[in-house]
Amino acid sequence: MLLSDGAYKEKYRKEMIVWSDEMRSKDYGIFCREACKNISKSTVIVSDIRRKTDMKYFRETFGDKVKLIRIKCDDSIRQQRGWKFENGVDDSQSECDLDDWLEWDLILEKI
(Lines give C-alpha, C1' and ligand atoms only; values in the text may rest on other atoms or scores of the structure.)
Protein backbone atom coordinates (compact mmCIF):
# COMPACT_ATOMS: atom_id res chain seq x y z
CA MET A 1 0.00 0.00 0.00
CA LEU A 2 1.34 3.43 -0.94
CA LEU A 3 -0.55 5.40 1.70
CA SER A 4 2.24 4.97 4.22
CA ASP A 5 6.01 5.01 4.45
CA GLY A 6 6.94 1.37 4.20
CA ALA A 7 8.71 -1.43 2.37
CA TYR A 8 6.16 -1.66 -0.47
CA LYS A 9 6.52 2.06 -1.24
CA GLU A 10 10.31 1.89 -1.08
CA LYS A 11 10.33 -1.07 -3.48
CA TYR A 12 8.68 1.06 -6.19
CA ARG A 13 9.86 4.52 -5.17
CA LYS A 14 12.44 5.00 -7.93
CA GLU A 15 9.96 3.87 -10.60
CA MET A 16 7.30 6.24 -9.22
CA ILE A 17 9.75 9.14 -9.42
CA VAL A 18 10.62 8.37 -13.06
CA TRP A 19 6.93 8.05 -13.98
CA SER A 20 5.95 11.28 -12.23
CA ASP A 21 8.86 13.13 -13.89
CA GLU A 22 7.58 11.96 -17.28
CA MET A 23 4.07 13.19 -16.44
CA ARG A 24 5.35 16.56 -15.20
CA SER A 25 7.45 17.05 -18.34
CA LYS A 26 4.19 17.09 -20.32
CA ASP A 27 2.23 19.21 -17.80
CA TYR A 28 4.03 20.57 -14.74
CA GLY A 29 0.74 21.22 -12.91
CA ILE A 30 -0.85 17.82 -13.45
CA PHE A 31 -0.61 16.55 -9.87
CA CYS A 32 -1.23 19.91 -8.17
CA ARG A 33 -4.35 20.48 -10.26
CA GLU A 34 -5.63 17.01 -9.39
CA ALA A 35 -4.98 17.59 -5.69
CA CYS A 36 -6.93 20.87 -5.83
CA LYS A 37 -10.03 19.52 -7.60
CA ASN A 38 -12.19 19.17 -4.50
CA ILE A 39 -11.02 22.04 -2.33
CA SER A 40 -13.98 23.49 -0.50
CA LYS A 41 -12.32 25.44 2.32
CA SER A 42 -10.88 28.93 2.36
CA THR A 43 -7.68 27.74 4.07
CA VAL A 44 -5.83 24.69 2.85
CA ILE A 45 -2.50 23.28 3.99
CA VAL A 46 -0.58 21.41 1.32
CA SER A 47 2.25 19.47 2.90
CA ASP A 48 5.29 17.92 1.32
CA ILE A 49 5.64 19.99 -1.83
CA ARG A 50 8.92 18.97 -3.40
CA ARG A 51 9.43 20.82 -6.68
CA LYS A 52 9.84 24.33 -8.00
CA THR A 53 7.15 23.58 -10.58
CA ASP A 54 4.70 22.87 -7.74
CA MET A 55 5.56 26.25 -6.22
CA LYS A 56 5.02 27.82 -9.65
CA TYR A 57 1.61 26.17 -10.01
CA PHE A 58 0.34 27.32 -6.60
CA ARG A 59 1.68 30.85 -7.03
CA GLU A 60 0.14 31.17 -10.51
CA THR A 61 -3.17 29.70 -9.36
CA PHE A 62 -3.61 31.31 -5.92
CA GLY A 63 -1.27 34.32 -6.04
CA ASP A 64 -0.42 36.07 -2.77
CA LYS A 65 -2.79 33.82 -0.81
CA VAL A 66 0.01 31.24 -0.84
CA LYS A 67 2.31 31.22 2.19
CA LEU A 68 5.39 29.07 1.90
CA ILE A 69 6.76 27.43 5.06
CA ARG A 70 9.80 25.18 5.11
CA ILE A 71 10.42 22.74 7.93
CA LYS A 72 14.02 21.57 8.08
CA CYS A 73 16.14 19.30 10.20
CA ASP A 74 19.65 17.94 10.09
CA ASP A 75 20.28 14.64 8.29
CA SER A 76 21.54 13.25 11.61
CA ILE A 77 18.07 13.77 13.10
CA ARG A 78 16.47 12.16 10.06
CA GLN A 79 18.83 9.18 10.46
CA GLN A 80 17.78 8.83 14.11
CA ARG A 81 14.21 8.52 12.79
CA GLY A 82 15.24 5.71 10.45
CA TRP A 83 16.06 7.54 7.22
CA LYS A 84 18.87 6.11 5.10
CA PHE A 85 20.25 7.94 2.06
CA GLU A 86 19.73 6.06 -1.22
CA ASN A 87 21.63 7.10 -4.37
CA GLY A 88 19.37 7.80 -7.32
CA VAL A 89 16.43 8.49 -5.02
CA ASP A 90 17.42 10.89 -2.24
CA ASP A 91 19.54 12.97 -4.60
CA SER A 92 16.85 13.21 -7.30
CA GLN A 93 14.77 16.27 -8.17
CA SER A 94 11.83 14.87 -6.21
CA GLU A 95 13.89 15.07 -3.03
CA CYS A 96 16.12 18.10 -3.39
CA ASP A 97 14.68 20.48 -6.00
CA LEU A 98 13.79 23.01 -3.29
CA ASP A 99 17.13 22.87 -1.48
CA ASP A 100 18.17 26.13 -3.14
CA TRP A 101 14.70 27.78 -3.06
CA LEU A 102 14.94 31.12 -1.29
CA GLU A 103 11.38 32.46 -1.43
CA TRP A 104 10.08 31.05 1.86
CA ASP A 105 7.75 33.12 4.03
CA LEU A 106 8.92 31.23 7.12
CA ILE A 107 11.60 28.62 7.88
CA LEU A 108 11.33 26.38 10.93
CA GLU A 109 14.46 24.44 11.74
CA LYS A 110 15.01 21.60 14.20
CA ILE A 111 18.51 21.94 15.59
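The values are calculated or read from the model by the stated rules, or taken from the named source; none is laboratory data. As the structure is a prediction and not an experimental result, all values here were calculated from the model. Side chains are part of the model used for accessible areas, which takes the heavy atoms of the whole protein and leaves out ligands, DNA and RNA. Shrake-Rupley method; radii C 1.70, N 1.55, O 1.52, S 1.80 Å.
Below are the figures for this structure:
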item	result
Listed candidates [x] 5.8; [y] 8.2; [z] 6.6 - label of the one calculated as mean projected area of the Cα convex hull in nm²	[y]
Of Lys11/Lys56; Lys37/Lys67; Lys14/Lys72, those spanning more than 28 Å from alpha-carbon to alpha-carbon	Lys11/Lys56
Accessible solvent surface per residue of the stretch 29-111, calculated while the other protein chains remain in place, 1.4 angstrom probe, Å²	77 Å²
Per-residue HN-Hα couplings for the stretch 29-37 [Karplus 6.51, -1.76, 1.60; θ = phi - 60°; Hz; x = Gly/Pro]	x, 4, 7, 5, 4, 5, 5, 8, 4
Largest-first ordering by accessible area, 1.4 Å probe, given options Asp21, Asp105	Asp105, Asp21
J(HN,Hα) series, the stretch 62-75, from Karplus relation 6.51 cos²θ - 1.76 cosθ + 1.60, nearest Hz, glycine and proline x	10, x, 7, 6, 7, 10, 9, 10, 10, 10, 10, 8, 5, 4
Interchain or long-range residues, amide H under 5 Å from Cys73's placed H	Lys110
³J(HN,Hα), Karplus 6.51/-1.76/1.60, whole Hz, each residue of the stretch 51-61, x for Gly, Pro	9, 4, 5, 5, 4, 4, 4, 5, 5, 5, 7
Computed accessible area, Arg13, all protein chains, 1.4 angstrom probe, square angstrom	40 Å²
Carbon plus sulfur fraction of accessible area for the chain, probe 1.4 Å, in percent	52 percent
For Asp97, residues with placed amide H under 5 Å, excluding near neighbours	none
